[in-house]
Amino acid sequence: MALLRTTSPHLHAPQTTQHVMQQLLLATIPGLLALLWHFGWGSLINILIASVTALACEAAIVTARKRPVWFYLRDCSALVTAVLIGLALPPLVPWWVVVVGTAFAIIIAKHLYGGMGYNPFNPAMVGYVVLLISFPIEMTTWPAAHSMLATELNPPGLWESIQIIFQFSGSFELSGNTIDAFTAATPLDAFKHNNGLLVEQFYQQDAWFAAGRWAGAGWEWVNLGFLAGGCYLLYKKIFTWHAPVAMLSALTLMAWLNNDGGSSVSNGPASLHLLSGATMLGAFFIVTDPVTSAVSNTGRLIYGALIGVLIFVIRAWGNYPDAVAFAVLLMNFAAPFIDYYTLPRTYGHNKISERSSGSTDLSDPKLNLPEKKD
Amino acid sequence: MTEISQVSYREISRNGLWDNNPALVQLLGLCPLLAVSGSVVNALGLGLATLAVLVGSNAAVSLIRHQVSDAVRIPAFVMIIATFTTCTEMLMKAYTYELYQILGIFIPLIVTNCTILGRAEAFASKNAIIPAIADGLLMGVGFGAVLLVLGAIREVLGSGTLFANMDLLFGPFAANWSLQIFGSGYSFLVAILPPGAFIITGLLIALKNTLDARAKLRKDALKAKPLKGAKRVRTTGVIH
């Protein structure tokens, strides 16, 4: 992974891939804790299943490619992919969904494209999207936040969660309640189908928003947790501020521009878009991926901003309630194109725009060719 | 137009089925290949229809190759291909109406399949009728075989069955050919959707390239015997 992206003088920083990946793992902890607190043990079990799958797939395919296995396992990049998939999937999703998504991410999205540093698409998001279009029912069954549940309902504990995830017989009958008692459409989904209520009425009536403060019970704290982790990574200079700030600003701007003051067809206030779904996870852990994003600072601003715009467009006018994964994959396509036009000018060379207009014309004075003598 | 006098049928078959396979090497006709290969019955239906058009058009183009001038050959070829496509479409409408409805626009679109125009231009317009028919047949079989393999893989992965609904093509006695590979509730939608088609086609092409590379390695290993009495040492290249 090329971390040096500027011209000389280079200042050497002791930043290895392993260090970056470990810091990323560390920074997911606040968001993970919020997930566990509000939605039960599911996410932790997801992460464990995904990690085992990812390490096994990575080891198998690195062996098949005749590369040093320990060298690649040690850099923790497979582990980061696994943790991101585990965090993005609904808790209590069946175990085989996690296994299929992680295996797809590591084998097809990462290694078939050349492995670490060569993948054009973010592996975790590819895995997520494959699952989303393949298993729509499992992938949209999110548990309700514990604070929303009626008091007589006990949310599934650790052992019950394991039973649900590994689908032991009779697992759908827990303490007399079916699994449906614990699930609810996500806040974004509920908001999308708000059945003609004004935003204010909807916020009072819907269980998510009645139990929450800004963007649905639980979800807002999960997003704030990822925001905290992201700020830690910024402080540690793991990535630059450009892409996440551009993405969040663009999303906020789009929400402001399209906010009609809370009518029944409103697309939602900015606070809803910033603090629900995968917004913060995407902004700090996905968009900042050095391999699949644009490389220059200007490029990252454009890349991040367009992701923010796409997220809003798909959320507001698309079929899917959340859009971070689709937006990121679409912009991964565009990253090389953005790079082509935003690479910093090397000292002594023309700008790319001047080069592309006049490079083939030999009479162009800018090229300073020696005059022909014949 | 030059006439190729010596035609090796061995070479025609090798080209059509493997070395110059329209789906895996020339990558022609990918649109129907990817769009309708969601199940074996769809793949086989389109494969047979393409085969019929390819054989017919190759024969007809070969017959008129001395009468049509170079300037108007492409419109003439397209007219011939369109005629055969329309005939095939009508036959399918008459005998396999349900399959015709499932395949929909991709039956008329056979006329734009580059494989067919490509073979008319590259082979049939320069060869006698019998080799042209052989070329059409083998290219069609090569295309259909890939379509069939792709359809089988996608059907097993995507819906967990194999040979489902074969009665659409072979009549009622094929109604119980369907094999249930995985459980009845199984589905893995991405294999049925277009991304799955692209991924599996890519893997098939990779498999073919790997097999070719292995075969070449084995051939080279047999060939590369040290020469007796070689005068000088070479560190690069091959000694001939």
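The values are calculated or read from the model by the stated rules, or taken from the named source; none is laboratory data. Because the structure is predicted, anything quoted here is derived from the model rather than measured. Positions of Cβ are backbone-derived with ideal geometry, glycine not excepted, and every protein chain shown enters the neighbour counts.
Listed residues B:LEU28, B:LEU91; which is surrounded by fewer than 21 Cβ atoms within 10 Å (Cβ to Cβ), farther than 27 Å from B:SER159 by Cβ, modelled with pLDDT under 90 and not polar (S, T, N, Q)?
Residue meeting the stated conditions: B:LEU28.
Test of understanding: among A:ALA270, A:ALA283, which residue is in contact with a helix residue (DSSP H, G or I) (Cβ under 7 Å, 6 or more places away or on another chain), among the aliphatic types (A, V, I, L, M) and in contact (Cβ under 8 Å) with a residue 40 or more places away in the chain?
From the options A:ALA270, A:ALA283, the qualifying one is A:ALA283.
Out of segment A:155-183, which residues are modelled with pLDDT of 75 or more and assigned to a loop (DSSP other than H, G, I, E, B)?
A:PRO156, A:GLY157, A:PHE166, listed by residue number.
In segment B:186-204, what residues are in a helix (DSSP H, G or I) and within 12 Å of chain A (Cβ to nearest Cβ)?
Passing the criteria: B:LEU189, B:VAL190, B:ALA191, B:ILE192, B:PRO194, B:PRO195, B:GLY196, B:PHE198, B:ILE199, B:ILE200, B:GLY202, B:LEU203.
If you scan segment B:44-96, which residues turn out to be of a type in the set (Asp, Glu) and closer than 21 Å to B:PRO22 by Cβ?
Result: B:GLU89, single match.
Please go through segment A:54-79 and give me each residue that is surrounded by 24 or more Cβ atoms within 10 Å (Cβ to Cβ) and either basic (Lys, Arg) or under 20 Å from the mean Cα position of the chain (by Cα) (or both), ordered by number.
Result: A:ALA54, A:SER77, A:ALA78.
Which of the residues that make up segment A:113-145 are over 30 Å from A:GLY157 (Cα atoms), more than 12 Å from chain B (Cβ to nearest Cβ) and either surrounded by fewer than 21 Cβ atoms within 10 Å (Cβ to Cβ) or touching a strand residue (DSSP E or B) at 6+ places or on another chain (Cβ under 8 Å) (or both)?
First, the residues of segment A:113-145 that are over 30 Å from A:GLY157 (Cα atoms): A:113-123, A:126.
With the extra rule that they be more than 12 Å from chain B (Cβ to nearest Cβ), the set shrinks to A:114-120, A:122-123.
Residues satisfying the conditions are A:GLY114, A:GLY115, A:MET116, A:GLY117, A:TYR118, A:PRO120.
Which of the residues that make up segment B:51-75 are surrounded by 15 or more Cβ atoms within 10 Å (Cβ to Cβ) and more than 16 Å from B:PHE123 (Cβ to Cβ)?
Listed by number, the list holds a single entry, B:ALA52.
Looking only at segment A:102-112, which residues are within 12 Å of another protein chain (Cβ to nearest Cβ) and of a type in the set (Gly, Ala, Ser)?
Scanning segment A:102-112 gives a single hit, A:ALA109.
Kindly list the number of the only condition in (1) within 14 Å of chain B (Cβ to nearest Cβ); (2) surrounded by fewer than 22 Cβ atoms within 10 Å (Cβ to Cβ); (3) within 19 Å of A:ASP289 (Cα to Cα) that fails for A:VAL99.
Of the numbered conditions (1) within 14 Å of chain B (Cβ to nearest Cβ); (2) surrounded by fewer than 22 Cβ atoms within 10 Å (Cβ to Cβ); (3) within 19 Å of A:ASP289 (Cα to Cα), the odd one out for A:VAL99 is (3).
Somewhere in segment B:127-135, is a residue surrounded by fewer than 18 Cβ atoms within 10 Å (Cβ to Cβ), in a helix (DSSP H, G or I) and within 14 Å of another protein chain (Cβ to nearest Cβ)?
Within segment B:127-135, not a single residue is surrounded by fewer than 18 Cβ atoms within 10 Å (Cβ to Cβ), in a helix (DSSP H, G or I) and within 14 Å of another protein chain (Cβ to nearest Cβ).
Looking only at segment A:82-126, count how many residues are free of Cβ contacts under 8 Å to residues at least 12 places away in the same chain and either of a type in the set (Asp, Glu) or under 21 Å from A:LEU48 (Cβ atoms) (or both).
Selection size over segment A:82-126: 1.
This table checks each residue for (1) at pLDDT below 85; (2) part of a loop (DSSP other than H, G, I, E, B); (3) surrounded by 14 or more Cβ atoms within 10 Å (Cβ to Cβ); (4) within 12 Å of chain A (Cβ to nearest Cβ).
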{"residue": "B:GLY158", "(1), (2), (3), (4)": "no, no, yes, yes"}
{"residue": "B:ASN165", "(1), (2), (3), (4)": "yes, yes, yes, no"}
{"residue": "B:TRP177", "(1), (2), (3), (4)": "yes, yes, yes, no"}
{"residue": "B:PHE182", "(1), (2), (3), (4)": "yes, yes, no, yes"}
{"residue": "B:LYS216", "(1), (2), (3), (4)": "no, no, no, no"}
{"residue": "B:LEU227", "(1), (2), (3), (4)": "yes, yes, no, no"}
{"residue": "B:VAL233", "(1), (2), (3), (4)": "yes, yes, no, no"}
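Of all residues in segment B:91-122, which are in contact (Cβ under 8 Å) with a residue 12 or more places away in the chain, among the charged types (D, E, K, R) and within 28 Å of B:GLY171 (Cα to Cα)?
Scanning segment B:91-122 gives a single hit, B:GLU98.
Considering only segment A:207-265, how many residues are assigned to a helix (DSSP H, G or I), of a type in the set (Phe, Trp, Tyr) and free of Cβ contacts under 8 Å to residues at least 12 places away in the same chain? Break it down stepwise before answering.
Step one: filter segment A:207-265 for residues assigned to a helix (DSSP H, G or I), giving A:207-211, A:219-235, A:242-257.
Next cut, of a type in the set (Phe, Trp, Tyr) only: A:208-209, A:219, A:221, A:226, A:232, A:235, A:256.
Subsequent filtering for residues that are free of Cβ contacts under 8 Å to residues at least 12 places away in the same chain retains A:235.
Count: 1.
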